Structures are given as C-alpha cells and as structure tokens.
Amino acid sequence: KNEVEQSPQNLTAQEGEFITINCSYSVGISALHWLQQHPGGGIVSLFMLSSGKKKHGRLIATINIQEKHSSLHITASHPRDSAVYICAVLQETSGSRLTFGEGTQLTVNP
Amino acid sequence: DARVTQTPRHKVTEMGQEVTMRCQPILGHNTVFWYRQTMMQGLELLAYFRNRAPLDDSGMPKDRFSAEMPDATLATLKIQPSEPRDSAVYFCASGLVLPRTGRLQPQHFGDGTRLSIL
C-alpha cells in the first residue's frame, strides 16, 4: 500500500462541473502539497497546507489532519483545467523529502 | 517571474554515454531538488541540497548517478554510464526553507529534461 493514495486515477468532466480529487495518506505529515502538471509537462505548485482550507481563484484545497485526508476542488471547471493533479506529503521525519501520489488525470470537455 | 531553468530540454544518447543535466535555481532559494518522473514510478526524489550541501541522496543510484552544486547558481546531475532504464523526465526544483521556522515554502519546478537512452 502506497503511503499517499489519490482517487480517482482518471476523471472526465463537462465544462462547468464541480470537481473533487481526493488524497489519503498513512503517515504523519508536516505539510501537504497539491501540484498541477500541464499536458506539456510543466509542474506548478498549487497549494501547500497543513490545516484547514485554502482558496485560490476557482481552486479550493482542504485537509483533515485527524482523518489523514485532503481534497482538491475545482469550481466551474474549464477545459484549461485539464491536467494531472498530484498530491504530495512532507513527512514529519523526512526533512524536505516529498512523497508523491500517483496523480489524477483530469480531462474537462467543452 | 523568476524561474528555475533546466538544460538541456531534451537529450537522446546511446547507452554507455555520460549525461549531464544542469539546473539554475531561483536566486535566493536555499534548497534544490532533483526528481525523476517515469510512467511506471511517477515522481520520485533523487537528491536534494540545502545551502549547496547534499542533505539526502538516498533516492539516487550511487553507482552511476552523481549530483553536485558547484555554486549557488548551478546544480548538476550526472549519469555515467547511462542505461536505457534511465530514460525519464528529470525535474529540478528549488525552494526556500525559512531560517526561523525551518519550514519549506512551495517549490518551483523547472520544465524538465526529457532523457532518452537508446
């Protein structure tokens, strides 16, 4: 069992739909990251959070430390949101080493 | 916007050849990471540096891989000799660890080097 698991692996949505991607982890963490990898390969850090909720534009990330679970939500999805979304955790005992989930491939159709 | 710059963007070479990948981190960032991404393994950390000193290279095959930071503006990842199983996209990322809290701020990734070993 991976230390970081994401679901679903693949997600197809229609433009305008509300999207949720889930991340569960089994280790103690000091922070959790959500990354976006564009079709061209570039990786962008979307959020880093250790508690509560963060919002940036149409993106919202939440984390529940007790349940070891985080969600990434996209409101009013758009085809340009099509990308791979990767959850990564910074373990309490790992210094600055990130452990990555396998990613969720999101496709938003017009 | 400041960016992490990686060169080359693409590299195709024959098995056995030496490969050198370079990374210029964002000025002021004190932590530099090397990652490898493959279809089978996803993203995995190879090594990282803090203030140019190697802190963790446990993800790196020691017999053929080496990572260095000759100065604050350059990080290198070398493979010698290269093998077909090294074919992957190699990402460099840099970030800032705040001295007072010791917390790593969000990393900035380069565009990657797509390496193919024939």
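Listed residues A:E92, A:E102; which is under 11 Å from the mean Cα position of the chain (by Cα), among the charged types (D, E, K, R) and closer than 25 Å to B:F91 by Cα?
That would be A:E102, the only listed residue that is under 11 Å from the mean Cα position of the chain (by Cα), among the charged types (D, E, K, R) and closer than 25 Å to B:F91 by Cα.
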| Of all the residues that make up segment B:74-89, how many are within 13 Å of the chain's Cα centre (by Cα) and either of a type in the set (K, R) or open to solvent by 60 Å² or more (accessible area, probe 1.4 Å) (or both)? | 1
| Odd one out for B:I79, checked against (1) farther than 26 Å from A:V84 by Cβ; (2) modelled with pLDDT of 95 or more | (1)
| task | State which residue is most open to solvent (accessible area, probe 1.4 Å) when the search covers only segment A:85-110 and only residues that are among the β-branched types (V, I, T) and over 14 Å from A:E5 (Cα atoms). | result | A:T93
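Counting residues that are among the polar types (S, T, N, Q), which strands (runs of 3 or more DSSP E) fully inside chain A reach at least 3? Before the answer, list the steps.
Numbers: elements: A:4-7, A:10-14, A:19-25, A:29-37, A:43-49, A:52-56, A:59-64, A:69-74, A:83-91, A:98-100, A:104-109.
Fully inside chain A and qualifying: A:10-14, A:19-25, A:29-37, A:104-109.
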| note | Subset of segment B:26-39, residues out of contact with any Leu (no Cβ under 6 Å at 6 or more places or on another chain) and under 10 Å from B:A88 (Cα atoms), comes to B:T38, B:M39
| field | Inter-residue pairs, beta-carbon under 7 Å, first more than 18 Å from B:L46 (Cα to Cα) and of a type outside the set (S, T, N, Q) and in segment B:6-25, second open to solvent by less than 80 Å² (accessible area, probe 1.4 Å) and in a strand (DSSP E or B), 6+ apart | value | B:P8/B:T113; B:R9/B:T113; B:K11/B:V19; B:K11/B:T113; B:K11/B:L115; B:V12/B:S116; B:M15/B:I117
| Residues (within 9 Å of chain A (Cβ to nearest Cβ) and surrounded by fewer than 20 Cβ atoms within 10 Å (Cβ to Cβ)) located in segment B:90-118 | B:V97, B:R103, B:Q105, B:P106, B:D111, B:R114
| query | So, of the residues in segment A:26-48 that are aliphatic (A, V, I, L, M) and at the interface with another protein chain (Cβ under 10 Å from one of its Cβ atoms), which turns out to be most open to solvent (accessible area, probe 1.4 Å)? | reply | A:V44
| Under the condition of being of a type in the set (A, V, I, L, M, F, W, C) and more than 14 Å from chain B (Cβ to nearest Cβ), which residue from segment A:16-25 is farthest from A:L90 (Cα to Cα)? | A:F18
| request: Under 9 Å between Cβ atoms, at least 6 apart or on separate chains: pull out the pairs that start in segment B:40-54 with a residue that is more than 9 Å from chain A (Cβ to nearest Cβ) and more than 20 Å from A:S45 (Cα to Cα) and end on any residue that is not acidic (D, E) and not in a strand (DSSP E or B). | output: B:N51/B:N30; B:N51/B:A72; B:R52/B:N30; B:R52/B:A72
| field | Those residues of segment A:49-71 which are loosely packed, with under 14 Cβ neighbours inside 10 Å and within 14 Å of chain B (Cβ to nearest Cβ), in sequence order | value | A:S50, A:S51, A:H56
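The values are calculated or read from the model by the stated rules, or taken from the named source; none is laboratory data. Quantities reported herein were computed from a predicted structural model and do not represent experimental measurements. All Cβ positions, glycine included, derive from the backbone under ideal geometry; neighbour counts span all protein chains shown. Side chains included, ligands, DNA and RNA excluded: accessible areas come from the protein's heavy atoms. Shrake-Rupley method; radii C 1.70, N 1.55, O 1.52, S 1.80 Å.
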